[in-house]
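In what follows, a structure is listed as structure tokens, so that the remarks can point back to it.
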Amino acid sequence: MASQYQEYNQLNLPQIGKEVLQQWEAQQAFEQSVTLREGATPFVFYEGPSSAYGMPGIHHVISRTLKDLVCRYKTMKGFQVKRKGGWDTHGLPVELGVEKSLGITKEDIGKKISIEEYNDTCRREVLKYKDKWDELTQKMGYWVDLKHPYVTFENNYIESLWWCLQQLYKKGYLYKSVSIQPYSPAAGSGLSSAELNQPGCYKDVKDTTVVAMFKAVEGDRSRFLFEAAGTDQVFFLAWTTTPWTLPSNLGLTVGANIEYALVRTFNPYTHLPVCVILAKDLVDRHFKKEGEDGDFANYKEGDKIIPWQVLSVFRGSQLENIRYEQLLPYVQPEEGDPFRILIGDFVTTEDGTGIVHTAPAFGADDNRVGKKYGIGILTLVDKQGKFLDTVGEFAGRYVKNYKDDPQYKDVDVDIAVKLKKENRAFKVEKYEHSYPHCWRTDKPVLYYPLDAWFIKTTALKDRMVELNTTINWKPAFTGTGRFGNWLENMVDWNLSRSRFWGTPLPIWRTEDGSEEKCIGSIEELNAEIRKASEVLGGDVNKHYLHQGILDLHKPYVDDIILVSADGKPMRREPDLVDVWFDSGAMPYAQWHFPFENKDVFEQNFPADFICEGVDQTRGWFYTLHVLGALLFDSVAYKTVVSNGLVLDKNGVKMSKRLGNIIDPFKTIEELGADATRWYLVTNASPWDSMKFDTDGIKEVQRKLFSTLYNTYNFFAMYANLDNFSFREAYIPLQQRPEIDRWIISVLNTLVKEVTTYLDDYEPTQAGRVIQEFVDEHLSNWYVRLCRRRFWKGEYEHDKISAYQTLYECLEKVAQLMAPVSPFFAEWLFGNLNKVGQRSTAASVHHTDFPVTVAEAIDNELEERMQLAQDISSLVLSLRKKVNIRVRQPLQKILIPVLNPHMQVQVQKIEHLIKSEVNVKGIDYLTETEGFIKKKIKPNYKALGSKMGAKMKAVAAAIAAFTDADITVLERDGVYNLLIDSEQLQLQLSDVEIISEDIPGWTVANKGALTVALDITITPQLQDEGNARELVNRIQKIRKDSGFELTDRIMVKVAASDTLKSAIIHYNDYICTEILADSLEIVPQLQDGTEIEVNDLKFNVLVNKKS
RNA sequence: AGAUCCGUAGCUCAGCCUGGUUAGAGCACUACACUGAUAAUGUAGGGGUCAGCAGUUCAAAUCUGCUCGGGUCUACCA
């Protein structure tokens, strides 16, 4: 136990951080914070898996601060909060990174490098910044279990995932299907909708678009067109932004109820006469008004205005099944009846021509309508994104520049040129639209027919929507809006990824697909391995017979052949599982459920609280929800906080490219984790995107931490002098002075507010009220007013009361702020507790969060202290106005009281006001008639509802009130107004009457409060003022001479006559203040210090008494 | 293209739900003061078409609609 409070020379937050970190390390503070709560109600928190493949940034600090503060708070509230860290280790980022570092592409894997070696590299590389992450975790004060994290590539983890998949399989939620999916040729992988919904995936790009002309074939159904046209040159116009899909065109889709027009005109490129069909509503978009019914006979090449004429109008339904000639006849489909007009409900007349070019291979809508009509399918582009050899002059060309080839020529342009030449293009232009890009490679995505495994999430859509309504979303609109909409529009979850480093799909199939097995555990797989070996014989699974399977990754799982019930070999479906499944199954897999820890899992599901960036809404938040609902018919989390983006100080998103990334290590090193955390939490609500500015952190440092530090240091200095160590009994509040009871009351109100805010996951509000308390109430009022109590007088009741009060404030503030600024709180709490010994806890984070003492809250007291502050502020501003400094005592102030209650209130805090503003007394004015000039204002809120439309006239009438009118109203309580010859009765409560001025006095107002100051300085007041000035000067000399606080001195003054009186009359006072044993007036002084009091200069000699 | 959130002082934010006096705070700036809390503090000052327009109302920063600007999301549809 220390006997003295540690005092400091200056505040060094980063240094405090380092010291506290060492302390925590030494005493295992985090581990203790969990074990000390053994047996308590658990508060379940899930840590979203982080990827240690990239460096942590400042945006990681914000969400981790939120997570940490909630967990620390709940711990202090008595819950046991286990926090298992986790690493997200699979997925495309690592794979692409490894490909790049090895200088290979996807095609090389399994050829130039074995899958085994490749995956080993991924495994090695994926945690390459783990140390940096751990370091940040530590330095920012994020308490999370880093020693036993879950790691998604570990066998146990994958085994749990397999178990989950098998559950889904058994429930019939897992199925295989061909579908048109977003596919990234550059990454060689299909993309999930979640991946496609990563921010920034949709980019505005300029593509070559073509309005292509599909030549109608004359037949029974189309005869009406040819008859109206009078020519065989009849074309359907269809617009496409992806001309490379045109060779695969098999149909044209129109809307059944859309009106179409047959238009006679000329082809603008070939100038040949043609008749074209397009939606009637879109005719204006494609033809200039001036050309309508123009001069066809005299049209010639080069004319700006092309004549056109609507020949006929008809509905889309009339066009169904009309045939047309294949546009680019390289290949025909093997089956189906293509090249017809189809009817589809997705056709609009928003843009294009109202006729949709339909290539079943490259669009989801196209595929659907194509299947319905049986037009077959043509997939003339391979998985690398290039045309097949069969596509004539375009064979082998990439449809987009997937290889970063500087010589790349746009195929779309060449197709457009070809069509132009062949009289098959009606319009070719560049068009800017947004198009999805692969989030890793930044290359455009294709929609491509792929085999894939899906989770039938749509089957439980309604249940998921229902469960979502029970989740507490912060902010609420993310849950109802963003997440709610997403659930409403959900599609089945495409699980398949054709990559190498990830969780393998545990499904084995016979070659003909007639039988399949979904494996749910390692044990089951090993049994199947042995069975297959026995049934199939030979070398089957021979490497896996002895020890079973040791690594659940590729390539090992692919070696394994299982056997079907009727003895046929089964091979694994080659896909990996979407990494989002890894993270979504984390509640189960982190505990290796159900193979181990069944009880632990049951206690820890669902989570009470999770928190991540808002970008996880469709990511982790969604996959957790899906699996919770599908596997356990439960939510996976009860409360979710989504934090917004961190922008730079100009509101621009941080990116490496712009170089506006904030290095969290540097920030913490220079400004301290506490100030950084405090700033991040209090500057804006977590879910608003925040503009990060280090100047803001500096402000927090000055405003909050520096103030609190100064307050502590002030306390420590005097407490050490008086040996205050809280050894005396706690003085009951009733026995403490008014001001002590006041600050304790405010403190308890604060505890209540902070608790409410934190319970409601509103840390921003909590931080702001703490800050206000420290700055406004504790430092700028309590300490300022009580300074003398700490350094004057004997160590007895009043002084001990002051120490106990300030100690308690500091101690509780330390606890209240501990969740947000854990280091400083620890430092402050520790410094106090080392001497005070009020708590046996080794850390502030092991203590119980302060609880409001309801009896300590005194609203009347808080109200009158507010009055004291307002009155003081008014008097100070009056002094300023007339230039009388506070050290000059004045006789009195005058306060007109509005009601008896107010007078009682002010009287109780009279002494505070008097000492604060240095006046001798306060006079109250109750009978004010004729003395005070009053001002009357309508109470709009009360009057408005009564008067309604007459309000304006009433307000004008009130504004015209004379003093006499006001007196009448005050005396009678009512006043009769005549407005538009109507009698209206005015009540006293309908108006506000304030004392505006007291003639002959210097007056100031704030709201209804009025204060007048007597500025007469009598000779006696002058003396006292002079005495105080002298004290002030000598104190300065003491300080400048480097005397100790307790040193006694002897003083000689060569004062002029005007000062003598003050020195004589206030000799005792002066000596007490300056700790002087003697104060002499001498005629002359050679040495000493020259000082000035009220423009008089003279010398003072101050000697320390030896 | 739609949905949604947002727009208040040079900057960061309150106030809006529940309409009502002269729209607030902090930072920054200016001036003065204070100096045994001093990397603080006090007082005063400048700084606002509350994005714009219209409506409802006696009364709109606040409620409604539209427009503009920004963010986020959804959709990819030629």
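A few notes on this one:
To keep it simple, each residue is scored yes or no on (1) over 20 Å from residue A:780 (Cα atoms); (2) within 11 Å of RNA strand B (Cβ to nearest atom); (3) of a type in the set (Asp, Glu).
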position	(1), (2), (3)
A:669	yes, no, yes
A:678	yes, no, no
A:686	yes, yes, no
A:689	yes, yes, no
A:692	yes, yes, no
A:706	no, yes, no
A:715	no, yes, no
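- Which listed residue, of A:852, A:764, is touching a residue at least 40 places away in the same chain (Cβ under 8 Å), more than 16 Å from RNA strand B (Cβ to nearest atom) and farther than 25 Å from residue A:1046 by Cα: A:852
- Test: residue in the range A:277-285 that is at positive phi and either part of a loop (DSSP other than H, G, I, E, B) or in contact (Cβ under 8 Å) with a residue 60 or more places away in the chain (or both): no
- Considering residues of the range A:315-327 that are of a type in the set (A, V, I, L, M, F, W, C) and within 54 Å of the chain's Cα centre (by Cα) only, the residue nearest to residue A:251 (Cα to Cα): A:327
- Those helices (runs of 4 or more DSSP H) of the range A:18-103 in which 3 or more residues are surrounded by fewer than 18 Cβ atoms within 10 Å (Cβ to Cβ) and without any contact (Cβ under 8 Å) to a residue 40 or more places away in the chain occupy A:92-102.
- The single residue among A:15, A:10 that is out of contact with any strand residue (DSSP E or B) (no Cβ under 6 Å at 6 or more places or on another chain), part of a helix (DSSP H, G or I), within 16 Å of RNA strand B (Cβ to nearest atom) and more than 17 Å from residue A:844 (Cβ to Cβ) turns out to be A:15.
- One residue alone among A:348, A:353 is crowded, with 22+ Cβ neighbours inside 10 Å, out of contact with any Pro (no Cβ under 7 Å at 6 or more places or on another chain) and closer than 30 Å to residue A:280 by Cβ, and that residue is A:353.
- Members of the range A:688-740 that are part of a loop (DSSP other than H, G, I, E, B) and either surrounded by 19 or more Cβ atoms within 10 Å (Cβ to Cβ) or of a type in the set (A, V, I, L, M) (or both): A:692, A:724, A:725, A:726, A:729, A:731, A:736
- Breaking point among (1) assigned to a loop (DSSP other than H, G, I, E, B); (2) out of contact with any Ser or Thr (no Cβ under 9 Å at 6 or more places or on another chain); (3) buried (at least 19 other Cβ atoms within 10 Å of the Cβ), for residue A:538: (3)
- Condition met for residue A:1093 (surrounded by 16 or more Cβ atoms within 10 Å (Cβ to Cβ), aliphatic (A, V, I, L, M), under 30 Å from residue A:721 (Cβ atoms) and modelled with pLDDT of 85 or more): no
- Some residue of the range A:455-472 being in a helix (DSSP H, G or I), within 13 Å of RNA strand B (Cβ to nearest atom) and of a type outside the set (Val, Ile, Thr): no
- The one condition in (1) within 18 Å of residue A:142 (Cα to Cα); (2) away from RNA strand B (no atom under 13 Å from the Cβ); (3) modelled with pLDDT under 90 that residue A:661 fails to fulfil: (1)
- For the criterion of being touching a Lys or Arg at 6+ places or on another chain (Cβ under 9 Å), assigned to a loop (DSSP other than H, G, I, E, B), closer than 25 Å to residue A:360 by Cα and more than 13 Å from RNA strand B (Cβ to nearest atom), residue A:520 fails.
- Unmet requirement for residue A:154, which otherwise passes all of (1) within 30 Å of residue A:413 (Cβ to Cβ); (2) at pLDDT 85 or above: (1)
- Only listed residue being touching a Phe, Trp or Tyr at 6+ places or on another chain (Cβ under 9 Å), within 16 Å of RNA strand B (Cβ to nearest atom) and either of a type in the set (D, E, K, R) or not in a loop (DSSP other than H, G, I, E, B) (or both), chosen from A:383, A:427: A:427
Residue-by-condition table, conditions (1) free of Cβ contacts under 8 Å to residues at least 40 places away in the same chain; (2) in contact with a Leu (Cβ under 8 Å, 6 or more places away or on another chain); (3) not β-branched (Val, Ile, Thr):
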{"residue": "A:368", "(1), (2), (3)": "yes, no, yes"}
{"residue": "A:380", "(1), (2), (3)": "no, yes, yes"}
{"residue": "A:393", "(1), (2), (3)": "yes, no, yes"}
{"residue": "A:396", "(1), (2), (3)": "yes, no, yes"}
{"residue": "A:399", "(1), (2), (3)": "no, yes, no"}
{"residue": "A:404", "(1), (2), (3)": "yes, no, yes"}
{"residue": "A:407", "(1), (2), (3)": "yes, no, yes"}
{"residue": "A:410", "(1), (2), (3)": "no, no, yes"}
{"residue": "A:413", "(1), (2), (3)": "no, no, no"}
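The values are calculated or read from the model by the stated rules, or taken from the named source; none is laboratory data. Quantities reported herein were computed from a predicted structural model and do not represent experimental measurements. Neighbour counts run over all protein chains shown; Cβ positions are idealised from the backbone, glycine included.
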